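Handing you this structure, nothing more for now.
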Amino acid sequence: MFRDWKGDGIDLSKWILGDESPLPERTFFQWDGFPRSESPDRYKSNDFTILSSEWRLKGFELLNRRTFHREDFETHEKIVSDLLSQYGSWWQSIRPALVDPARAIVGDDRQKIVPLTWGDWWPSRESTDAKGQETYPNQAALSNLLETLANPEKSKSLPSISGHWKLHANQSGHYRVILRKIPAEASEEERTRLGQFQAGVIHVRAGKFEIKTQLLKGATSVSLGVDLNEGPIELEAWTEGQTGEGKILGAFFASVERVGERKMPDPEWKVRPK
């Protein structure tokens, strides 16, 4: 579940349930996105496609979808202008979600255990040098990384790799956070070969709270408890001792579950800007 999530598009449920009326005329937009460490505005004009019932506009190519002919921009100036105007309106409609993304909800009885993955990472708050989800954007990239991590010598050459999760706690309380390198449902062979941690230290930070504990060599998961206040949370979990000296490695998979009332009061110190 995501807090304040709003879909982009129309509700297709009535057509899925058998409504035979024609779908409304629509223009579709495809945009390749932006690095999460930067402002989306810088990437508004990068690699987008506009697709109406009659036209396809991508870059400097205008295609008539009915005749499959490429058309000249200058002779179709109004059409291009209209398509770009529609794209601008659409982009402004999704921009709020890019600047302030929907947060995964934890501490809600409707979904007690919330799974998180490296694909949900935002840039690390622990290390500005850490590589994140954009460097390892898919399962294939993560699999290759895990193979490298399984080789102690090769893993020394890796950079810091980490990121944080944007959450919203529906209730204050004590939360159990379970951290893994590979999914919980992975086979025993995969857990043994790719999922084991090296000896080191593991940290979890959420707002003012940070906890850490020793990480035993060979462990394939670690469970820590942390108090969370109700409201928005930036949670990051990272390990030391898994790669080169001075490097950190985030947990690629996690689950978060509220297990009771808070155990500790809020720290009295306040974060002050530099």
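The values are calculated or read from the model by the stated rules, or taken from the named source; none is laboratory data. In this text, all values refer to a predicted model and were calculated from it rather than measured experimentally. Cβ placement follows ideal geometry from the backbone for every residue including glycine, while neighbour counts extend to all protein chains displayed.
Just one of Gly119, Gly132 is modelled with pLDDT of 90 or more, crowded, with 17+ Cβ neighbours inside 10 Å, closer than 19 Å to Gly250 by Cα and not hydroxyl-bearing (Ser, Thr, Tyr); which is it? Working first, answer last.
Numbers: Gly119 fails: crowded, with 17+ Cβ neighbours inside 10 Å.
Exactly one of Gly119, Gly132 is modelled with pLDDT of 90 or more, crowded, with 17+ Cβ neighbours inside 10 Å, closer than 19 Å to Gly250 by Cα and not hydroxyl-bearing (Ser, Thr, Tyr), namely Gly132.
Sticking with this structure for a sec: May I ask you to say which residue of Arg66, Arg70 is without any contact (Cβ under 8 Å) to a residue 60 or more places away in the chain, outside the structural domain of Gly246 (by TED's automatic domain parsing), touching a strand residue (DSSP E or B) at 6+ places or on another chain (Cβ under 6 Å) and loosely packed, with under 11 Cβ neighbours inside 10 Å?
Values: Arg66 fails: touching a strand residue (DSSP E or B) at 6+ places or on another chain (Cβ under 6 Å).
None of the other options fit; the residue is Arg70.
Something else about it: Against the conditions (1) over 19 Å from Glu245 (Cα atoms); (2) part of a loop (DSSP other than H, G, I, E, B); (3) of a type in the set (A, V, I, L, M, F, W, C), where does Leu167 fall short? Just the number, please.
(2)
Filter segment 98-114 down to the residues that are touching a residue at least 40 places away in the same chain (Cβ under 8 Å) and loosely packed, with under 15 Cβ neighbours inside 10 Å, then identify the one that is nearest to Phe48 (Cα to Cα). If you could, list the steps in order and put the result at the bottom.
In the first step, residues of segment 98-114 are kept if they are touching a residue at least 40 places away in the same chain (Cβ under 8 Å); the result is 98-99, 101-108, 110-114.
Then keep just the ones that are loosely packed, with under 15 Cβ neighbours inside 10 Å; that gives 99, 102, 110-113.
On the way: Val99: 19, Ala102: 23, Arg110: 37, Gln111: 36, Lys112: 38, Ile113: 37 Å.
Top of the filtered list is Val99.
Quickly run through segment 204-241 and pick out the residues that are in a loop (DSSP other than H, G, I, E, B) and either modelled with pLDDT under 90 or out of contact with any helix residue (DSSP H, G or I) (no Cβ under 7 Å at 6 or more places or on another chain) (or both). First the steps, then the outcome.
Step one: of segment 204-241, the residues in a loop (DSSP other than H, G, I, E, B) are 207-208, 216-221, 229-230, 241.
Hits for segment 204-241 are Gly207, Lys208, Leu216, Lys217, Gly218, Ala219, Ser221, Asn229, Glu230, Gly241.
What about Arg95, is it basic (Lys, Arg) and touching a His at 6+ places or on another chain (Cβ under 8 Å)? First the steps, then the outcome.
Numbers: basic (Lys, Arg): yes; touching a His at 6+ places or on another chain (Cβ under 8 Å): no.
Spelling it out, it is not the case that Arg95 is basic (Lys, Arg) and touching a His at 6+ places or on another chain (Cβ under 8 Å).
Just name the residue that is nearest to the chain's Cα centre (by Cα) out of those in segment 38-81 that are among the β-branched types (Val, Ile, Thr) and under 30 Å from Trp121 (Cα atoms). Steps first, please.
Of the residues in segment 38-81, the ones among the β-branched types (Val, Ile, Thr) are 49-50, 67, 75, 79-80.
Then drop every residue that is not under 30 Å from Trp121 (Cα atoms), which leaves 49-50.
Values: Thr49: 23, Ile50: 25 Å.
Out of the qualifying residues, it is Thr49.
Right, next: When segment 175-199 is examined, which residues are found to be surrounded by fewer than 17 Cβ atoms within 10 Å (Cβ to Cβ) and either among the aromatic types (Phe, Trp, Tyr) or touching a strand residue (DSSP E or B) at 6+ places or on another chain (Cβ under 8 Å) (or both)?
Within segment 175-199, Arg176, Pro183, Ala184, Ala199 meet the criteria.
Give the number of residues within segment 242-274 that are among the charged types (D, E, K, R) and modelled with pLDDT of 95 or more.
Of the residues in segment 242-274, 2 are among the charged types (D, E, K, R) and modelled with pLDDT of 95 or more.
Take the conditions over 21 Å from the mean Cα position of the chain (by Cα) and under 30 Å from Glu38 (Cβ atoms) and apply them to Glu210. Does it pass?
On the way: over 21 Å from the mean Cα position of the chain (by Cα): yes; under 30 Å from Glu38 (Cβ atoms): yes.
Yes, satisfied.
So is Leu84 at negative phi and in a strand (DSSP E or B) or not?
Values: at negative phi: yes; in a strand (DSSP E or B): no.
For Leu84, the condition - at negative phi and in a strand (DSSP E or B) - is not met.
Kindly provide the set of residues from segment 144-154 that are over 29 Å from Glu210 (Cα atoms) and in contact (Cβ under 8 Å) with a residue 40 or more places away in the chain, ordered by number.
Selection gives Glu147 alone.
Within segment 128-138, is even one residue part of a helix (DSSP H, G or I) and touching a residue at least 40 places away in the same chain (Cβ under 8 Å)?
No, segment 128-138 contains no residue that is part of a helix (DSSP H, G or I) and touching a residue at least 40 places away in the same chain (Cβ under 8 Å).
Given (1) closer than 19 Å to His203 by Cβ; (2) of a type in the set (Ser, Thr, Tyr); (3) in contact with a helix residue (DSSP H, G or I) (Cβ under 7 Å, 6 or more places away or on another chain), identify the lone condition not met by Thr128.
(3)
For segment 65-90, give me each residue that is polar (S, T, N, Q) and more than 15 Å from Thr27 (Cβ to Cβ). Please lay out each step first, then the result.
Kept after step one, since they are polar (S, T, N, Q), are these residues of segment 65-90: 67, 75, 81, 85-86, 89.
Of everything in segment 65-90, those that are polar (S, T, N, Q) and more than 15 Å from Thr27 (Cβ to Cβ) turn out to be Thr67, Thr75.
Since Ser52 meets every condition but one in (1) of a type outside the set (A, V, I, L, M, F, W, C); (2) touching a helix residue (DSSP H, G or I) at 6+ places or on another chain (Cβ under 8 Å); (3) under 30 Å from Lys131 (Cα atoms), which condition does it not meet?
All conditions pass for Ser52, except number (3).
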